[in-house]
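Encoded as structure tokens, the structure appears first; notes follow it.
The values are calculated or read from the model by the stated rules, or taken from the named source; none is laboratory data. Since this is a predicted model, take the numbers as computed values, not measurements. All Cβ positions, even for glycine, are placed from backbone atoms using ideal geometry, and neighbour counts span all protein chains on display.
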């Protein structure tokens with residue numbers, strides 16, 4: 001079974017380098033254009049699993065028009081708490097923000113919770129793909145959730161930040177179920193292996 005993991009297209013918040021997180025932003029015109037550019041480079045899929053946030057639905061609709069979609073709530077982006085919608089320039093100089101950047105304290109959703117959600121989402125997708133006999137499925141979600149998922153289940157093994165993805169980019173991976181793993185074999189969009 002193959003999963004094609006793709007981070008959503010560019011949003012207004014991404015253009016402004018903001019912590020978008022759970023904010024339900026639409027794609028920016030640049031995000032729609034990028035998705036249209038990437039779409040013809042992707043193989044067809046039998047089904048799409050996606051985050052409930054608007055930017056993921058819009059990206060999925062452009063990448064694979066007309067393909068049935070399943071919303072997976074655990075694919076939502078990391079919650080950045082009081083930093084949602086803010087950018088580095090607005091927070092620079094704030095000692096609490098600096099401690100958060102240095103990993104000294106948690107603001108918003110703890111990484112352990114994001115890791116748990118990413119694992120649960122992959123288990124749910126794997127079970128559904130197997131039950132329905134899909135050979136190829138798309139997964140459209142967020143950078144943070146993919147970094148959590150791939151740092152736990154991605155092969156070759158890499159650290160969390162080594163799985164960071166540009167917008168509308170991702171990986172093709174063989175889904176293995178025993179043990180659960182994503183054997184990455186190709187990049188899509190502007191991602192690098």
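Restricting attention to region 60-81, does a residue exist that is surrounded by fewer than 18 Cβ atoms within 10 Å (Cβ to Cβ), at pLDDT below 95, part of a helix (DSSP H, G or I) and over 20 Å from the mean Cα position of the chain (by Cα)? Looking through region 60-81, none of the residues is surrounded by fewer than 18 Cβ atoms within 10 Å (Cβ to Cβ), at pLDDT below 95, part of a helix (DSSP H, G or I) and over 20 Å from the mean Cα position of the chain (by Cα). Residues of region 62-71 that are out of contact with any helix residue (DSSP H, G or I) (no Cβ under 6 Å at 6 or more places or on another chain) and within 10 Å of residue 39 (Cβ to Cβ): 64, 65.
If the requirement is being farther than 29 Å from residue 65 by Cα and touching a helix residue (DSSP H, G or I) at 6+ places or on another chain (Cβ under 9 Å), which of these qualifies: 154, 108, 138, 93? Just a single option satisfies the conditions, and that option is 108. When region 163-191 is filtered for residues that are in contact with a helix residue (DSSP H, G or I) (Cβ under 8 Å, 6 or more places away or on another chain) and closer than 26 Å to residue 20 by Cα, the ones remaining, listed by number, are 163, 164, 165, 167, 168, 169, 170, 171, 188, 189. Residues that are over 15 Å from residue 119 (Cβ atoms), over 13 Å from the mean Cα position of the chain (by Cα) and not in a strand (DSSP E or B) within region 132-160 comprise 132, 133, 134, 135, 156, 157, 158, 159, listed in sequence order. Within region 160-184, residues that are on the phi < 0 side of the Ramachandran plot and touching a residue at least 40 places away in the same chain (Cβ under 8 Å) have Cβ atoms under 9 Å from residues that are in a strand (DSSP E or B) and exposed (fewer than 14 other Cβ atoms within 10 Å of the Cβ) in these pairs: 171/185; 171/186; 172/185; 172/186; 173/185; 173/186; 174/185; 182/174, counting only partners at least 6 apart in sequence or on another chain.
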